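Beneath this line is the structure, given in structure tokens, with notes to follow.
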Amino acid sequence: MAFFSRRRVQVPKVDLEDLPRHVAIIMDGNGRWAKGRGLPRKAGHAAGAETFRTIATFAKELGLEYLTVYAFSTENWKRPADEVSSIMTLLEKYLHEAIETMARDKVKMAFWGDLAPLAPHLRALCRETEEISKQYDGCQVNICLNYGGRDELVRAAKAFALDCVEGHADPGHLTEEAFSGYLYSAGVPAPDLVIRPSGELRLSNFLLWQAAYAEFYVTDVLWPDFSKEDLLRALAAYQSRSRRYGGI
Ligand code: FPP
């Protein structure tokens, strides 16, 4: 049994042979982090993007198979235009770097969400990143971008209905597994653990279908301050839970 623990910081032991396959994170608290420092909100998002880099790299090193992050929701368009634009610019910068280092990192990347409203160059960059990285299978990082759980379910229902109209599917034979195939997450196991930093106790339209039996871990730490040790704490908490899936 392999254990991971850090010397100086108090972190519970994590069994590396019993990791969740799929961890999902709501990257929350960037605005409050910036406000606490008297900085503009975009500085919080920039710090959050750095945290994302650190945590994605660490997730890969630990051996997690899937990491899904909530980068921009279908509701986030309500924010001031300059804040939206700063998040998109950070993503663009990150994707350019990711493409450069992909051969070394061997991370597979996917985007979950409706990319149609994005600027054409960003949309093309997302598709290019997916295309280049599809050969890799080290760790799959899913970035939820213009993503909403309800929107995803409505889209899936429409796609299924269309298949029925065209004679490719039959409502009488629809199963949960078959319906999952219409979601952005098709082929990816459901998240085992959903982490929400910043102390908020809500799902915020994130992975509504997929998180049905996920374990939740909430911490008051704001996303830009979320460290490798915080991820280890979340994993240790996960390993202390008993998952019963409605059984006993
Ligand atoms: C929520 O915090 C965060 C967001 C809506 C944006 C998340 C974006 C990033 C971390 C940067 C870009 C991402 C990648 C993958 C490079 P909030 O602004 O709602 O925080 P608050 O609740 O404290 O105001």
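Could you grab me the full set of residues in the stretch 191-226 that are hydrophobic (A, V, I, L, M, F, W, C), in a strand (DSSP E or B) and open to solvent by less than 40 Å² (accessible area, probe 1.4 Å)? Explain how you work it out, then say what you get.
Here is the first cut: in the stretch 191-226, the residues hydrophobic (A, V, I, L, M, F, W, C) are 193-195, 201, 203, 206-209, 211-212, 214, 216, 218, 221-223, 226.
Add one more test, that the residue is in a strand (DSSP E or B), and what stays is 193-195, 216, 218.
Leu193, Val194, Ile195 - these are the residues of the stretch 191-226 that are hydrophobic (A, V, I, L, M, F, W, C), in a strand (DSSP E or B) and open to solvent by less than 40 Å² (accessible area, probe 1.4 Å).
Got a number for residues in the stretch 34-64 being in a loop (DSSP other than H, G, I, E, B) and either within 10 Å of the ligand (Cβ to nearest atom) or charged (D, E, K, R) (or both)?
Start the filter on the stretch 34-64 by keeping residues that are in a loop (DSSP other than H, G, I, E, B), which leaves 37-40, 63-64.
Pick out the ones that are also either within 10 Å of the ligand (Cβ to nearest atom) or charged (D, E, K, R) (or both) and you get 37.
Looking only at that region, the number is 1.
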### Summary
Across (1) touching a Gly at 6+ places or on another chain (Cβ under 9 Å); (2) open to solvent by less than 20 Å² (accessible area, probe 1.4 Å); (3) in contact (Cβ under 8 Å) with a residue 40 or more places away in the chain, Ile25 clears everything bar (1)
### Query
Asn142 fails exactly one of the following numbered conditions: (1) within 24 Å of His45 (Cα to Cα); (2) in contact with a helix residue (DSSP H, G or I) (Cβ under 9 Å, 6 or more places away or on another chain); (3) not aliphatic (A, V, I, L, M). What is the number of that condition?
(2)
### Message
Could you go through the stretch 171-184 and let me know if any residue there is assigned to a loop (DSSP other than H, G, I, E, B), in contact with a strand residue (DSSP E or B) (Cβ under 6 Å, 6 or more places away or on another chain) and modelled with pLDDT of 95 or more.
### Response
yes
#### Entry: the stretch 65-111: number of residues that are assigned to a strand (DSSP E or B) and either away from the ligand (no atom under 12 Å from the Cβ) or in contact with a Gly (Cβ under 7 Å, 6 or more places away or on another chain) (or both)
5
### Query
Just a yes or no: is a residue in the stretch 133-151 modelled with pLDDT of 95 or more, more than 21 Å from Thr51 (Cβ to Cβ) and β-branched (Val, Ile, Thr)?
no
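Here is a yes/no grid of residues against (1) closer than 18 Å to Val23 by Cβ; (2) surrounded by 11 or more Cβ atoms within 10 Å (Cβ to Cβ):
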site	(1), (2)
Pro120	no, no
Gln140	yes, yes
Leu153	no, yes
Pro189	yes, yes
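The values are calculated or read from the model by the stated rules, or taken from the named source; none is laboratory data. The structure presented is a predicted model; accordingly, all values stated were derived computationally and were not measured. Using ideal geometry, Cβ is built from the backbone for each residue, glycine included, and neighbour counts are taken over all protein chains shown. Keep in mind that these areas ignore ligands, DNA and RNA; they rest on the heavy atoms of the full protein, side chains included. Shrake-Rupley method; radii C 1.70, N 1.55, O 1.52, S 1.80 Å.
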